[in-house]
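To keep things clear, I will list the structure first and then write my remarks on it.
The values are calculated or read from the model by the stated rules, or taken from the named source; none is laboratory data. Keep in mind it's a predicted model, so treat the numbers as computed, not measured. With ideal geometry, Cβ positions are generated from the backbone for all residues, glycine too; neighbour counts draw on all protein chains shown.
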Amino acid sequence: MLTLFKFSAGVALLLFGMQFMKAGLEKAAQHRMRGVLQALTRNPYTGALAGTVITALVQSSTAVTVITIGLVNAGIITFYQAVGIVLGTNIGTTVTAQLISFRLEDLALPAIGLGAIIMTWSRRQGWRCLGQSIVGFGVVFVGIGAMSQALIPLKDSPLFIKTLSAMSGSVLLGVLAGTLFTALIHSSSTTTGVVIALAHQGMIDLPAAIAIIFGSNIGTCITGVIASIGSSVNAQRVAASHVMLNVIGVLLFLPFLTPFSTFIAGTAPGLTRQVANAHTLFNILSSIVILPFTRQFAWLITKIVPDHKL
């Protein structure tokens with residue numbers, strides 16, 4: 001029970017850190033986001049670039065997707081323009097996974113201290129937002145450290161080992177677990193952090209970790225779906241395009257999970273870095289495959305979400 005409490009506390013810290021960092025970055029960039037998205041969505045390629053850069057800066061594909069839904073709902077950009085942004089958000093969100101895959105726990109407390117000083121002493125709103133994001137960054141690694149420590153006793157737990165073995169033996173179970181967990185906490189980055197903590201303790205193998213990562217990409221779409229409820233048909237199509245992008249990506253990759261895992265294993269010596277690299281490569285390839293067929297992809301979404309209200 002104590003182990004579960006410590007692990008839950010670590011997850012809570014990770015989730016809080018991600019939200020706190022995201023909120024600070026969003027506040028710092030919010031006025032510029034709408035203008036940049038409007039200016040750079042004239043074709044799918046610049047739209048994807050804008051989605052990638054802004055998502056990497058604000059550390060939240062969900063936030064950028066929700067803003068995009070709002071722009072489409074307001075008639076500021078078209079659904080076709082929004083598709084490029086959605087493709088870019090999937091690429092931009094990989095920056096978070098790469099950051100948390102590094103063992104930066106030693107920097108956590110100094111980051112929290114530095115961020116708190118900036119938040120307390122700065123008179124400028126922009127600097128205070130930056131300080132907030134630095135505090136959030138530090139809390140993320142405190143959470144990951146707490147999770148890793150909490151998992152150590154579970155190495156000898158027959159029930160936990162049996163559960164992870166079942167997940168390792170079933171790709172679909174791993175995808176389902178990643179989807180449900182991410183849908184519940186509304187953060188694929190937090191799911192990735194949990195998977196990285198498991199990997200750091202050697203409690204999960206690479207194929208199982210990748211399956212959960214695949215599922216997290218589907219689960220993260222739930223916020224956009226909720227945000228689109230009651231919106232215009234085109235706004236609903238933006239949410240549907242995010243879901244379809246990730247579902248298509250998972251369906252394309254799943255049959256090749258074994259060779260994909262073998263390839264990823266050669267990209268880095270440690271399992272935690274391999275997990276982050278799998279997340280990055282999956283998201284980049286999923287978007288790149290769709291990008292040349294953006295018009296056809298948009299047409300497919302219009303057939304799935306027709307002009308009448310759902």
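The table that follows gives values for the structure above.
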item	result
Scope region 224-269; condition among the small types (Gly, Ala, Ser), in contact (Cβ under 8 Å) with a residue 24 or more places away in the chain and closer than 23 Å to Thr96 by Cα; matching residues	Gly224, Ala227, Ala239, Ser241, Gly249, Ser261, Ala265
In region 78-122, residue farthest from Ala268 (Cα to Cα) [restricted to those that are in a helix (DSSP H, G or I) and among the aromatic types (Phe, Trp, Tyr)]	Trp121
Residues located in region 180-214, provided they are under 15 Å from the mean Cα position of the chain (by Cα), surrounded by fewer than 20 Cβ atoms within 10 Å (Cβ to Cβ) and not in a helix (DSSP H, G or I)	His186
Yes/no for Leu57 being closer than 25 Å to Ile185 by Cα and touching a Pro at 6+ places or on another chain (Cβ under 8 Å)	no
Residue among Ala63, Ala50, Ala56, Ala82 that is within 22 Å of Trp127 (Cα to Cα), among the small types (Gly, Ala, Ser) and at pLDDT 80 or above	Ala56
Per-region count, region 60-85, residues out of contact with any Gly (no Cβ under 8 Å at 6 or more places or on another chain) and surrounded by fewer than 24 Cβ atoms within 10 Å (Cβ to Cβ)	12
Matching residues in region 148-176 - criterion: being part of a helix (DSSP H, G or I) and modelled with pLDDT of 70 or more	Gln149, Ala150, Val171, Leu172, Leu173, Gly174, Val175, Leu176
Residue tally, condition modelled with pLDDT of 70 or more and in a helix (DSSP H, G or I), over region 1-47	22
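Rundown of residues vs (1) among the aromatic types (Phe, Trp, Tyr); (2) farther than 18 Å from Ile91 by Cα; (3) assigned to a loop (DSSP other than H, G, I, E, B); (4) over 16 Å from the mean Cα position of the chain (by Cα), yes/no style:
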site: Gly230; (1), (2), (3), (4): no, yes, yes, yes
site: Asn234; (1), (2), (3), (4): no, yes, no, yes
site: Ala239; (1), (2), (3), (4): no, no, no, no
site: His242; (1), (2), (3), (4): no, no, no, no
site: Pro269; (1), (2), (3), (4): no, yes, yes, yes
site: Ser287; (1), (2), (3), (4): no, no, no, no
site: Pro292; (1), (2), (3), (4): no, no, no, yes
site: Leu300; (1), (2), (3), (4): no, yes, no, yes
site: Pro306; (1), (2), (3), (4): no, yes, yes, yes
